[in-house]
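Participant: Below are the C-alpha cells for one structure; questions will follow.
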Amino acid sequence: MAKLSLSAVNMPEDLVAIGKIVAPHGVRGDVRIIPLTDFPERFQQLKTAYFDDGTRLSVESARQHKQFILLKFKGLQDRNAVENLRGKLVKVPRKDLVPLPEGHYYIFEIIGLKVYDIDGAYLGKVTDVMQTGSNDVYVVEDCDRPLLIPAIKEVVKEIDLAQGRMVIKPQEEWE
C-alpha cells in the first residue's frame, strides 16, 4: 500500500482546488472526481495531487468519464485503498494553474476584494461569485444590503489584485 502522507514542510504554500473526489470507481483503485475547473483537460497532465491534510499522491492516469474525471493514484490498487479519499478536494499549487488571458480572473482571486465606487466610496467585499451563464455576478457585502454587481466592462472599471481592490461604476437604477 502506498504511503499517504508527507510532512507539511514539503507542501506548496498556495494550493487551489481543481476537483472533488466523490467516490471510488470500480475495484482497481480509481476515484471519481467532479471537476471544479473550467479546464478539466488539465487532469490529463496532472502528476501530483495535494490534499488539505498534508497528503500528496502521485497520479498514474486520468481520463474523462461522462461529467466526471476518473483518476488513478500510483500504489493504490483497490477500492479499499481509496475509500478514505471520498469527499477530499484535489488541489494543485497556484503556480500550476492554467494561465488566463489578460483581464480574466479566477473566482478565488475575486472573492475577498474590497469594492469601491468610482468616487472612492467603500461598498464592501466580494463574498461570492454567481455564474449566471451570460456574465458572472459579484456578491458584495458589508454595506446596508448585499449588492449584486454584474461582471461587465460597463460596471467593473478596475480590478487590482495586488492592492486587493475593485472599482465599479454603479448603474443609475441602483441609486
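The values are calculated or read from the model by the stated rules, or taken from the named source; none is laboratory data. Worth saying up front: this structure is predicted, and the values here are computed from it rather than measured. Note that each Cβ is placed from the backbone with ideal geometry, even for glycine, and that neighbours are counted across all protein chains shown. Ligands, DNA and RNA are excluded from the accessible area calculation, which covers all protein heavy atoms including side chains. Shrake-Rupley method; radii C 1.70, N 1.55, O 1.52, S 1.80 Å.
Participant: Report yes if Glu173 is surrounded by fewer than 13 Cβ atoms within 10 Å (Cβ to Cβ), in a helix (DSSP H, G or I) and either modelled with pLDDT under 95 or touching a strand residue (DSSP E or B) at 6+ places or on another chain (Cβ under 6 Å) (or both), otherwise no.
Facilitator: Yes; evaluated as a whole, the condition is true for this residue.
Participant: Please go through the range 42-58 and give me each residue that is surrounded by 13 or more Cβ atoms within 10 Å (Cβ to Cβ) and either touching a residue at least 60 places away in the same chain (Cβ under 8 Å) or under 22 Å from Phe108 (Cβ atoms) (or both), ordered by number.
Facilitator: Arg42, Phe43, Leu46, Thr48, Ala49, Tyr50, Phe51, Gly54, Thr55, Arg56
Participant: Next question, about the same structure. I'm told Glu83 meets every condition in (1) touching a Gly at 6+ places or on another chain (Cβ under 8 Å); (2) assigned to a helix (DSSP H, G or I); (3) in contact (Cβ under 8 Å) with a residue 40 or more places away in the chain except one. Can you identify the failing condition by its number?
Facilitator: So the condition that Glu83 fails would be (1).
Participant: Something else now. I'd like to check something: does the range 159-168 contain any residue that is modelled with pLDDT under 95 and farther than 27 Å from Arg94 by Cβ?
Facilitator: No, because not a single residue in the range 159-168 is modelled with pLDDT under 95 and farther than 27 Å from Arg94 by Cβ.
Participant: Which residue pairs have Cβ atoms closer than 7 Å, lie 6 or more positions apart in sequence or on different chains, and pair a first residue in the range 132-153 that is among the polar types (S, T, N, Q) with a second residue that is surrounded by fewer than 16 Cβ atoms within 10 Å (Cβ to Cβ) and not in a strand (DSSP E or B)?
Facilitator: Filtered contacts from the range 132-153: Asn135/Ile152.
Participant: Quick one: in the range 26-41, which of the residues that are open to solvent by 40 Å² or more (accessible area, probe 1.4 Å) and part of a strand (DSSP E or B) is nearest to Phe73 (Cα to Cα)?
Facilitator: Arg32
Participant: Tell me, please, whether a residue that is within 27 Å of Tyr50 (Cβ to Cβ) and in a strand (DSSP E or B) can be found in the range 105-127.
Facilitator: yes
Participant: Sticking with this one: Take the range 59-73 and flag every residue that is touching a Lys or Arg at 6+ places or on another chain (Cβ under 9 Å), in contact (Cβ under 8 Å) with a residue 24 or more places away in the chain and open to solvent by 50 Å² or more (accessible area, probe 1.4 Å).
Facilitator: Listed by number, the list holds a single entry, His65.
Participant: Is it the case that some residue within the range 133-151 is of a type outside the set (A, V, I, L, M), under 16 Å from Gly120 (Cβ atoms), open to solvent by 80 Å² or more (accessible area, probe 1.4 Å) and in a strand (DSSP E or B)?
Facilitator: Taking every residue of the range 133-151 in turn, none turns out to be of a type outside the set (A, V, I, L, M), under 16 Å from Gly120 (Cβ atoms), open to solvent by 80 Å² or more (accessible area, probe 1.4 Å) and in a strand (DSSP E or B).
Participant: Here's a follow-up. Just for the range 86-104: of the residues that are in contact with a Pro (Cβ under 8 Å, 6 or more places away or on another chain) and surrounded by 13 or more Cβ atoms within 10 Å (Cβ to Cβ), which one is nearest to Tyr50 (Cα to Cα)?
Facilitator: Here the residue is Pro93.
Participant: Among the residues of the range 61-81, is any within 17 Å of the chain's Cα centre (by Cα) and among the aliphatic types (A, V, I, L, M)?
Facilitator: Yes.
Participant: Restricting the first residue to the range 114-130 and requiring it to be over 9 Å from Val140 (Cα atoms), which pairs with a second residue that is among the basic types (Lys, Arg) and open to solvent by 30 Å² or more (accessible area, probe 1.4 Å) meet a Cβ separation below 9 Å and a spacing of at least six or different chains?
Facilitator: Tyr116/Arg165; Asp117/Lys169; Ile118/Lys157; Ile118/Lys169; Tyr122/Lys114
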